[in-house]
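Notes follow the structure.
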Amino acid sequence: MSTRILVFAGSARRDSLNKRLAAALAAALSDAGAEVSLIDLADFEMPLYHGDWESAHGVPEAATRLNTLMLSHDALALASPENNASISALMKNTLDWLSRIKGGEGFAGKTALLTAASPGALGGLRGLNHLRDILHSLGVGTLPQTLAVSRAHEAFTDEGGLSNERQQGQLVQLATRLVAVASALKAA
């Protein structure tokens, strides 16, 4: 049985650079032998996390659906926008709601690859440190290497890959590494 990897961007914007990066990740992971599910968080709308709202209404149905999907995958590959030197509100809210379901069961045993795309010179790198900290607190291991795509508004080919050969090579290498790590953990 092949290794299953869930891929998503922390942006719901239709023309998001991070959605483009998530699609490039999905292609590289598939080429590396994984069974890939590329999802759009716009299809999993959730209210802003609020403890009183949760007490009154329970966990949103979209969070339950996403948790079920996470449970059926071995690893995560995330493309995270950087907002004010941190992660996007959408990414944080998604992780917050998922952490509320049976003690964050969907995160158990997962490994994640962290990437970011930004028009800026750092490519979203500062936000990846925050994302790593959050995921570690939820029990998710992360690959030590990340990919931050700078000048992302001009970084993609018409075919969806990265135009910079070095960055495309890094993307392929990281995808291959994630598949190898997730496969080894699944077999253990």
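Label separation (residue 96 vs residue 185): 2.5 nm, computed from points 7 Å beyond Cα along the C-beta direction.
Distance between the pseudo-spin-label points of residue 133 and residue 173 (7 Å out from Cα toward the beta carbon): 2.8 nm. What does a probe at residue 64 reach in the stretch 1-45, counting residues whose amide N is under 17 Å from the point 7 Å along Cα→Cβ? Residues 44-45 qualify, since their backbone N sits under 17 Å from the label point. Only helical runs count toward this figure. For the chain, summing -39,500 (n - 2.57) over DSSP H runs of n ≥ 4 and dividing by all residues gives -13500 deg cm²/dmol at 222 nm. The GluC sites (Glu not before Pro) of the stretch 1-89 meeting both criteria, a DSSP state outside H, G, I, E and B (loop) and at most 12 other C-beta atoms within 10 angstrom of the site's C-beta, are 45. Against the chain, whose longest principal axis is taken from its Cα atoms, helix 125-137 shows a tilt of about 40°. How big is the gap, in Å, between the Cα center of the stretch 97-115 and the Cα center of the stretch 36-72? Between the Cα centre of the stretch 97-115 and that of the stretch 36-72, the gap is 12 Å. Restricting attention to the chain, close to 15% of DSSP beta bridges with both partner residues there are antiparallel.
Each Lys or Arg adds one and each Asp or Glu subtracts one; over the other residues with Cβ under 15 Å from the Cβ of residue 169, this totals 0. If you take all other residues with their beta carbon under 14 Å from the beta carbon of residue 20, and give Lys and Arg +1 and Asp and Glu -1, the sum is -1.
Once you list every other residue whose beta carbon is under 14 Å from the beta carbon of residue 8, what net charge do they have if Lys and Arg are +1 and Asp and Glu are -1? Don't skip to the end; give the middle numbers.
Working: positive: 4, 13, 19, 20, 65, 92, 110; negative: 40, 43, 45.
After counting each charged neighbour, the total is +4.
For the chain, the longest principal axis of the C-alpha atoms and the axis of helix 17-31 are separated by about 80°. The distance between label points at residue 72 and residue 166 comes to 4.1 nm (points 7 Å beyond Cα on the Cα→Cβ vector).
Let me spell out the model: positive unit charges on the Cβ of Lys and Arg, negative unit charges on the Cβ of Asp and Glu, origin at the Cα centre of the stretch 4-187. What dipole size does that give, in debye rounded to 20? Mind showing how you got there, number by number?
Working: 16 positive and 18 negative charges, 78 e Å.
My answer is approximately 380 debye.
The GluC sites (Glu not before Pro) of the stretch 105-162 meeting both criteria, a DSSP state outside H, G, I, E and B (loop) and at most 13 other C-beta atoms within 10 angstrom of the site's C-beta, are 159.
Think of the chain as a dipole: +1 on every Lys or Arg Cβ, -1 on every Asp or Glu Cβ, centred on the Cα centre; then among 59, 160, 75, 75 lies furthest on the positive end. With respect to the chain, whose longest principal axis is taken over its alpha-carbon atoms, helix 61-71 is tilted by about 60°.
Relative contact order (percent) for the stretch 1-156, with alpha-carbon contacts under 8 angstrom and 6 or more residues of separation?
On the way: 303 pairs, mean separation 38.4, N = 156.
RCO, the stretch 1-156: 25 percent.
The residue list 6, 17, 48 was ranked by how far each Cα lies along the charge dipole of the stretch 1-62 toward its positive end, using unit charges on Cβ atoms, and 17 comes out on top. Dipole magnitude for the stretch 1-76: about 260 debye, using +1 per Lys or Arg Cβ and -1 per Asp or Glu Cβ, origin at the Cα centre.
Listed by chain and number, the aspartates and glutamates whose alpha-carbon sits under 17 Å from that of residue 102, ignoring those within fewer than 8 places in the same chain, are 54, 61. By other beta-carbon atoms within 10 Å, ranking 88, 55 with the fewest at the front produces 55, 88.
Rule-based calculations on the coordinates, nothing more; no lab input. Quick caveat: nothing in here was measured; it's all calculated off a predicted structure. Methodologically, a virtual Cβ is constructed for each residue, glycine included, from the backbone with ideal geometry; neighbour enumeration extends over all protein chains shown.
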